[in-house]
1. Under the rule of -39500 (n - 2.57) per DSSP H run of 4 or more residues, summed and divided by the residues of the chain, what mean residue ellipticity at 222 nm is obtained, to the nearest 500 deg cm²/dmol?
2. Could you please state how large a percent of the accessible area of the chain is carbon and sulfur, counting protein chains only and using a 1.4 Å probe?
3. Whose amide H sits under 5 Å from the amide H of Lys11, counting only residues 5 or more places off or on another chain, with H placed in the peptide plane?
4. Please state the charge dipole magnitude for the chain, taken about the Cα centre, from unit charges on C-beta atoms (+1 on K and R, -1 on D and E), reported in debye and rounded to the nearest 20.
5. Please calculate how many Å² of accessible area the chain carries per residue, with a 1.4 Å probe and no DNA, RNA or ligand atoms counted.
6. How far apart, in nm, are the 7 Å Cα→Cβ label points at Ser167 and Arg52?
7. For Asp104 and Asp22, what is the calculated FRET efficiency with R₀ set at 35 Å and r taken between the beta-carbons, to the nearest 0.05?
8. Once the piece of chain linking Ala125 and Lys180 is laid out straight, how much longer is it, given 0.36 nm per residue of separation minus the C-alpha distance between them?
Amino acid sequence: MLNFDGAAFIKSAASPAGFLADGVPQIAFAGRSNVGKSSVINCLTRNGGLSRVSATPGKTAHVNYFSLPEAKSRKTGAYLVDLPGYGFARVSGDEKLRWGRLMDAYFADNASLRLVVVLVDSRHAPTDDDLTMLSYAKGRYPFLIVANKFDKLRPSERDAALAALRSALGTGEILAFSAKSGEGRDSLRTALSSCVQR
């Protein structure tokens, strides 16, 4: 098992030269710039200051690595990897291109990557960028879809919202999550620990 409460920031990589390739399993988080990736990581680790949360979407312009120790030792059991968000219209074309190249380089032949966590907004239909990201992950690595901001839905809306996402994304497994309330945290922790142990 992984000790999520012991998570620590390791480094930011602005180019492929800075990527970690030390054989430790990696779990990558991908999603739109405003979907709340940093908030999900902070909720998952119970550390509100671990991953920087910006009021301005699109600020995660690097590949950020966080270590997760094994539950019974100080040895690093896995890295959480926060990837640059996509789909933010106010970012320049050159910056979008740079981010895209960085993402392509990260995913290319990454033998340490065990799981891609694709974050979507539980309240809205997936965007074309979401579908592209999911299609990319499907062909290369195991993936898990996490529907964030579930707390913002009324109880009467929840089942329908998940059903609509399953239909649009073409998959039956979606984990409902709320970075605000912590709903889904234990289930996500279990899923991530399991992927590393396989």
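1. -10000 deg cm²/dmol
2. After summing per-atom areas, the C and S share lands at 48 percent.
3. Correct list: Tyr65.
4. Roughly 340 debye for the chain.
5. That works out to 49 Å² for each residue.
6. 4.1 nm
7. Efficiency computed from Cβ-Cβ geometry: 0.95.
8. Extending this stretch completely gives an extra 17.7 nm.
The values are calculated or read from the model by the stated rules, or taken from the named source; none is laboratory data. Note that the structure is predicted; figures quoted are calculated from it, not measured. Cβ sites come from the backbone with ideal geometry, for glycine too, and all protein chains shown count toward neighbours. Keep in mind that these areas ignore ligands, DNA and RNA; they rest on the heavy atoms of the full protein, side chains included. Shrake-Rupley method; radii C 1.70, N 1.55, O 1.52, S 1.80 Å.
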